[in-house]
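**Student:** Just passing along the structure, written as structure tokens.
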Amino acid sequence: MTNKGFKYSILASGSSGNSFYLETPKKKLLIDAGLSGKKITSLLAEIDRKPEDLDAILVTHEHKDHIHGVGVLARKYGMPIYANKKTWQTMDAHNMIGKIDPEQKHIFERGKVVTFGDIDIESFGVSHDAVDPQFYRFMKDDKSFVMLTDTGYVSDRMAGLIENADGYLIESNHDMEILRSGAYPWSLKQRILSDKGHLSNEDGSETMIRTIGNRTKKIYLGHLSKENNIKELAHMTMENNLTQADFGVGHDFKVLDTSPDEATPLTDI
């Protein structure tokens, strides 16, 4: 029997740290490692996996909540690390992940498709205040999953690239009213609300209305702010807005939550 599709787990998603695990019969990959090496190891253990079995780590951008554990894992287990050229230059210039063996450094440029064993991964640019941020669409056996967080807005081109995936991890970073009335300094609020900041609950739901199709079965809400969002509110906003747009929430697909410190179950796509 042939193994179709792939398995995945959102190990952690939130303002404090992000990591995504992907597995095919031939490859085990980590996308971002924004928590300590010890925490990543314990999150992998929750889904019965080990860091020494990883074949590579892919980096989306150089912010700490996406790369905190990359250097530790790279040095301890020797796996290759993939990022685009500008992200590597920034991480190296500011010593963000420590010393990495040059043989472990690999380039994955924005807008390219790279094959890892039996899975194709397409990178696409996003609008965020990092040097050259990119996220990914994973494709195997006519199945696909899209990771999209850390963007201030979604262009028509981006929406076209990610449409009709089987599953999504979509940003629902903040509730606009909680953010506006909260304790953050105005400069930080402006950054989050800008075109290079983060998608609000409303923005995330609007993005899904533009992109989901008849293949879509699961929508995970990601990168929730601890200070400026409430999980139940994010979930309700997504479900209500999709229902109002005449999508079959709960019938055709499910809206699911993620956690900043607990892995989602290892799931087949």
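**Student:** Kindly rank 23-34, 222-233 from highest to lowest mean number of other beta carbons found within 10 Å of each residue.
**Tutor:** Sorting 23-34, 222-233 by mean packing, highest first, produces 23-34, 222-233.
**Student:** Stretched out fully, how many nm does the piece from Asp246 to Ala45 gain, at 0.36 nm a residue minus the Cα gap?
**Tutor:** Roughly 68.4 nm would be gained on extension.
**Student:** Once the piece of chain linking Asp120 and Asp92 is laid out straight, how much longer is it, given 0.36 nm per residue of separation minus the C-alpha distance between them?
**Tutor:** Gain on extension, Asp120 to Asp92, equals 7.4 nm.
**Student:** Would you pull out the residues with amide H under 5 Å of Lys254's amide H, same chain only if 5 or more places away, H placed 1.01 Å from N?
**Tutor:** Lys218, Ile219
**Student:** Over segment 76-141, with the other protein chains present, what is the accessible area per residue in square angstrom, probe 1.4 angstrom?
**Tutor:** Spelled out: the 1.4 Å probe surface of segment 76-141, per residue, equals 48 Å².
**Student:** If each residue of separation counts as 0.36 nm, what is the full-extension length gain between Ser259 and Arg157 once their alpha-carbon separation is subtracted?
**Tutor:** 33.8 nm
**Student:** Give me the percent of the accessible area of the chain that comes from carbon and sulfur atoms, probe 1.4 Å, all protein chains in place.
**Tutor:** Exposed carbon and sulfur together represent 48 percent of the surface.
**Student:** How large is the direction-averaged shadow of the alpha-carbon convex hull of segment 195-269, in nm²?
**Tutor:** 5.8 nm²
**Student:** Under 14 Å from a label point 7 Å along Cα→Cβ of Asp55: give me every residue in segment 127-163 with its amide N that close.
**Tutor:** So the set is 139-141.
**Student:** What is the projected area of the convex hull of the Cα atoms of the chain, averaged over all directions, in nm²?
**Tutor:** Mean projected area of the Cα convex hull: 13.7 nm².
**Student:** For the chain, calculate the relative contact order in percent as a whole number, restricting contacts to Cα pairs under 8 Å that are 6 or more residues apart.
**Tutor:** Computed over the chain, the figure is 20 percent.
**Student:** Still on this model: Mind checking the dipole of the chain: about its Cα centre, +1 per Lys or Arg Cβ, -1 per Asp or Glu Cβ, Debye to the nearest 20?
**Tutor:** Using only the charged Cβ atoms, the result is roughly 680 debye.
**Student:** Given the options Gly204, Leu161, Asn228, identify the residue whose Cα lies farthest towards the positive end of the charge dipole of segment 108-252 (+1 on Cβ of Lys, Arg; -1 on Cβ of Asp, Glu).
**Tutor:** Looking along the dipole axis, the top candidate is Asn228.
The values are calculated or read from the model by the stated rules, or taken from the named source; none is laboratory data. Please read these numbers as outputs of a predicted model, since none were measured by experiment. As a convention, Cβ positions derive from the backbone with ideal geometry for all residues, glycine included, and neighbour counts pool all protein chains shown. All accessible areas refer to the heavy atoms of the entire protein, side chains included, with ligands and DNA or RNA removed. Shrake-Rupley method; radii C 1.70, N 1.55, O 1.52, S 1.80 Å.
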